[in-house]
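Here's the structure we're looking at; comments come further down.
None of the figures in this text is laboratory data; all of them are computed from the coordinates on show. Note that the structure is a prediction, hence the values are computed from the model and not measured. With ideal geometry, Cβ positions are generated from the backbone for all residues, glycine too; neighbour counts draw on all protein chains shown.
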């Protein structure tokens, strides 16, 4: 459940990456047989927000409220939930502007409408919408115009019947054919075979066989929005209920384990994140980053990491000032010029001070015009600029100049991802969204109303999200939780 709480609202359709474009120029088009619904990419993006983002957010947030997600602190209200999901959805749409502008993809209005109809099926469910099913049912909302066998540039092609593999539109398997991922049409890959989802009262082996909004109960796909008159097991009850004395009764809200929650609910530990000192040897930890340098976390306790010449712990952790060799998994001194890069808790492809990892080998820090190292390092006065043909060191940019990342902007600026331009870093109390906007010494944190603003980096025992002052780490200091259905995971 913890991983699913970070689920992206747009699932598959608006989160795929595109291959590099060629030089061809296409006239923009859409797949609306009723007429020209939009005449340029900006209108297309606005249409996608209005026709998909808004109704999908309304459906899911209303269902989440009806399932009791208001008990979950991130869920402030239905309107706040919708605002959050719509904003995330808009950001995904904006990230595809280049794809829309290229003219290589088609937006299918009928498939958008069909996707919304599928999402509406979760109205009577408290389960998080199945990503795999939505991937399959909504994949043809946006697709490359290439047909099977033709060159393609976007993940989905041939009106949703193909997938772009190695730049070629490849036919997806059809119903009853073996599969590993997506299937053609509206069939879903279930237990390695493309199958149509089972409707209400149809036979099933597990939930994956059933249509959206249905669950597999006693071998049949059914709704679970009502409790039976009598029960023998908790699995027969609706969401959040337990079977006691042959009657379904609502479970307690608070929990310390899943066992006390009702059917299909999970015990979500409500985080109380606070800045705490790094754990010393023998102290409790959740991961190795909570331990002091030279220690690593094993079975919930910080242990001394291996010394020079010993095998790395977990393939990465070594004693203080040592790193892990990628060639023989031994702890070594940080590699210098000409030696293979190593691994450490600070990151992958590590070199000694004054060097940068380039193509797996430690070399001099790249100068202007040279390809950036894997750690984005460039000489002083230059930054790593992302280009279509790779990442190269270039002169640092001033306010208003184009950017794709913070590395290319001068230190007093950040890269505004909504306009891809360097902008002046924000003062304390300013509204922030992506976490890279604030002045040094500040970070993006929620205020009492849930609005994110630039705030001082938290100190000892202060609430935190991820960052703390030097020498401290953001830890969860509680083990108490609340029983919630999985749909509450859409709120974060």
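What to note about this one:
- Shape category assigned to the range 36-82 from the gyration tensor of Cα positions, a/c cut at 1.5: prolate
- For the range 312-448, relative contact order (Cα pairs under 8 Å, six or more residues apart, normalised by length) works out to 11 percent.
- Mean Cα-pair separation over length for the chain, i.e. relative contact order, pairs under 8 Å, 6 or more apart, %: 12
- Three-way shape label, the range 299-440, alpha-carbon gyration tensor, a/c 1.5: oblate
- Sorted fewest first by neighbouring Cβ atoms within 10 angstrom, 343, 214 come out as 343, 214.
- Whole-angstrom gap from the range 277-303 to the range 201-272, using each part's C-alpha centre: 38
- Euclidean distance of C-alpha centroids, the range 451-465 and the range 122-200, integer Å: 42
- Mean Cβ neighbour count within 10 Å, used as a protection proxy, ranking 89-96, 119-126, 195-202 highest first: 119-126, 89-96, 195-202
- Paramagnetic reach from residue 424 in the range 381-402 [backbone N under 18 Å; point 7 Å along Cα→Cβ]: 397-402
- The convex hull of the Cα atoms of the range 348-422, projected and averaged over all directions, covers 5.1 nm².
- Tensor-based shape of the chain (alpha-carbon gyration tensor, a/c under 1.5 rounded, otherwise prolate or oblate): oblate
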